[in-house]
1. Residues of segment 93-106 being acidic (Asp, Glu) and touching a residue at least 12 places away in the same chain (Cβ under 8 Å), which ones?
2. Counting only residues that are in a loop (DSSP other than H, G, I, E, B) and in contact (Cβ under 8 Å) with a residue 24 or more places away in the chain, which one in segment 246-268 is nearest to Arg323 (Cα to Cα)?
3. Taking only segment 329-345 into account, find how many residues are free of Cβ contacts under 8 Å to residues at least 40 places away in the same chain and either surrounded by fewer than 19 Cβ atoms within 10 Å (Cβ to Cβ) or assigned to a loop (DSSP other than H, G, I, E, B) (or both).
4. Report, by residue number, each residue of segment 269-287 that is part of a helix (DSSP H, G or I) and free of Cβ contacts under 8 Å to residues at least 60 places away in the same chain.
5. Give the residues of segment 96-117 that are surrounded by 19 or more Cβ atoms within 10 Å (Cβ to Cβ) and either among the charged types (D, E, K, R) or within 16 Å of His241 (Cα to Cα) (or both), sorted by residue number.
6. Being farther than 23 Å from Asp193 by Cβ, of a type in the set (A, V, I, L, M, F, W, C) and in contact (Cβ under 8 Å) with a residue 24 or more places away in the chain is the filter here, so list the residues in segment 47-87 that pass it.
7. Being farther than 14 Å from Thr277 by Cβ and either part of a strand (DSSP E or B) or in the same structural domain as Ala130 (by TED's automatic domain parsing) (or both) is the filter here; which residues of segment 346-369 pass it?
8. Among the candidates Tyr247, Tyr210, Tyr236, which residue alone is under 30 Å from Tyr99 (Cβ atoms), buried (at least 23 other Cβ atoms within 10 Å of the Cβ) and not assigned by TED's automatic domain parsing to the domain that holds Val330?
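The values are calculated or read from the model by the stated rules, or taken from the named source; none is laboratory data. Note that the structure is a prediction, hence the values are computed from the model and not measured. Using ideal geometry, Cβ is built from the backbone for each residue, glycine included, and neighbour counts are taken over all protein chains shown.
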Amino acid sequence: MKTFAAIGAGLITFVAGAFASMHEAHATGMQGHVYMAQCAAEQVQDARLRAIFDAQPTHLANGGFFPDSGYTSKDHDQGEIPHWEGYVQAYVELIRETYGPKYDSPEAQQHIAFLMGMAAHGITDSTYDAIFGDRAAQVEPTNIDSLDMANEIFLVHDLPRYYIPELVVDVNTHSDVFTKRLQHPVAPDAITDAMSTAKSGIAVVANLLYVGADEWGGKYPWARKRLLDPRVPGAYPFGAHVVKGYYRELLRRLDNDSSADQIVIGTYPDTEYPLVTLDSTRPDGKVHFFFGEGLERTSVDDTSIEIKDEAGNVIPSKWNFFRGDNWPNVIQVALQEPWKPGTKYTVVLNPTIRSLQGVSPTKPFSYSFTTCTPDMPGGDCPDITGPAPASACPKLDAQYAMRPAPPQEEEPPVVNPPKTTETSASCSAAPLAHAGRAGAFVALLMSGALAIRRRRR
Ligand SMILES: [Zn+2]
């Protein structure tokens, strides 16, 4: 047993090192993105979207890992570009021109589901990185270069979630979006290769690497405890919460409605997510806006956002776009002084901002929140305690509780599943026993797109 465990630990460490060198900093992984896209879909009540998500769940899932699949290509931009609003809008327009305005064919529904999953991926890289990932970097005992892979392992092991999507991607259409609409040539075969590699990466985690959850949990205890907690800003339930609004706005765009009146799809803090600290320099101490359509960069300036105290005084703050291409969809705002305890603040977004379609909201967007009252004067907000509240997507969570048979004809090595979902040392030895085929295995892991991504625009 010890031998198997040692092989497993060594293999995982080796793979982690290899992946860490392939991408920078923190991230969430492909399985995590698929989870957030699906969790948001479960919460959608709009009848048209409901019908699409119910009919085309696999296309939604494929869209959910499509952006990162491109990072397995030699062309880094095959991964980078679909993360952002330029690609989202080009794809919206292609779908609208090809299948609109009714979108009543199965192909139309499949493309819409894929679009939604893909867009959900982009925005949840931001909800996660801007708030959760940057906070993890401050508090985890280990540097977070491998936190993306660890998150995938936590999700599979702890939820559990043994899910490996069947590949369904219209490679010709996506090649057209890249090549004809965005003037960045990508061949259909390159998309096929990238998606296959990405799926292999997902399968490796779901079939094998999940057994290392406790080892990773020792490195990243803060993230493991919070990743699925609906109270934690930037964690997966928060991402799904923001994605719900993105789905609504994407449907509006497909309907050729350019209104920007509901362009704010999420904020932090909000009524469900109180500010967790009075430290305005912390990632989770900053105000965040998430937009359901990219913004013209030049339409945002120092007059666009104001934070006022209870007396209506404007408190000095500094804003920045969080990444993005020509049309970023996230703004962070840092108060230039600590938040005062037990104080009501109002944040105002002025209607001078313009969407990528050149449209401004018809009125200001504003919301108020009250900061926490620390237990002791001069202290900070109390940390979360007790078990996490119920999931907002219980059907999804229940769906993968049982480990499915591993795929028979897939690229990843076939490993025997444990008989139960428990992962004691004896259980974990079963799949690891097959690590004897180490050569092919390591080659696969090296090529596998576990959680590969990086975007720094
Ligand atoms: Zn990504």
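1. First, pick out the residues of segment 93-106 that are acidic (Asp, Glu): 93, 97, 104.
Listed by number, the list holds a single entry, Glu93.
2. Going through segment 246-268, the residues in a loop (DSSP other than H, G, I, E, B) turn out to be 255-263.
Of the ones still in play, those that are also in contact (Cβ under 8 Å) with a residue 24 or more places away in the chain are 255-256, 258-263.
Values: Asp255: 27, Asn256: 26, Ser258: 23, Ser259: 24, Ala260: 21, Asp261: 23, Gln262: 22, Ile263: 18 Å.
So the residue we want is Ile263.
3. First pass over segment 329-345, keeping only residues free of Cβ contacts under 8 Å to residues at least 40 places away in the same chain: 342-345.
Filter once more, keeping what is either surrounded by fewer than 19 Cβ atoms within 10 Å (Cβ to Cβ) or assigned to a loop (DSSP other than H, G, I, E, B) (or both): 342-344.
Total meeting the criteria: 3.
4. As a first pass, look at segment 269-287 and keep what is part of a helix (DSSP H, G or I): 283-285.
Within segment 269-287, Gly285 is the sole residue that qualifies.
5. Met116, Gly117
6. If the condition is that a residue be farther than 23 Å from Asp193 by Cβ, of a type in the set (A, V, I, L, M, F, W, C) and in contact (Cβ under 8 Å) with a residue 24 or more places away in the chain, then Leu49, Ala51, Ile52, Phe53, Ala55 are the ones that fit.
7. Taking segment 346-369 and keeping what is farther than 14 Å from Thr277 by Cβ, we get 346-368.
Within segment 346-369, Thr346, Val347, Val348, Leu349, Ser355, Phe365, Ser366, Tyr367, Ser368 meet the criteria.
8. Working: Tyr210 fails: under 30 Å from Tyr99 (Cβ atoms); Tyr236 fails: under 30 Å from Tyr99 (Cβ atoms).
Being under 30 Å from Tyr99 (Cβ atoms), buried (at least 23 other Cβ atoms within 10 Å of the Cβ) and not assigned by TED's automatic domain parsing to the domain that holds Val330 holds for just one of Tyr247, Tyr210, Tyr236, which is Tyr247.
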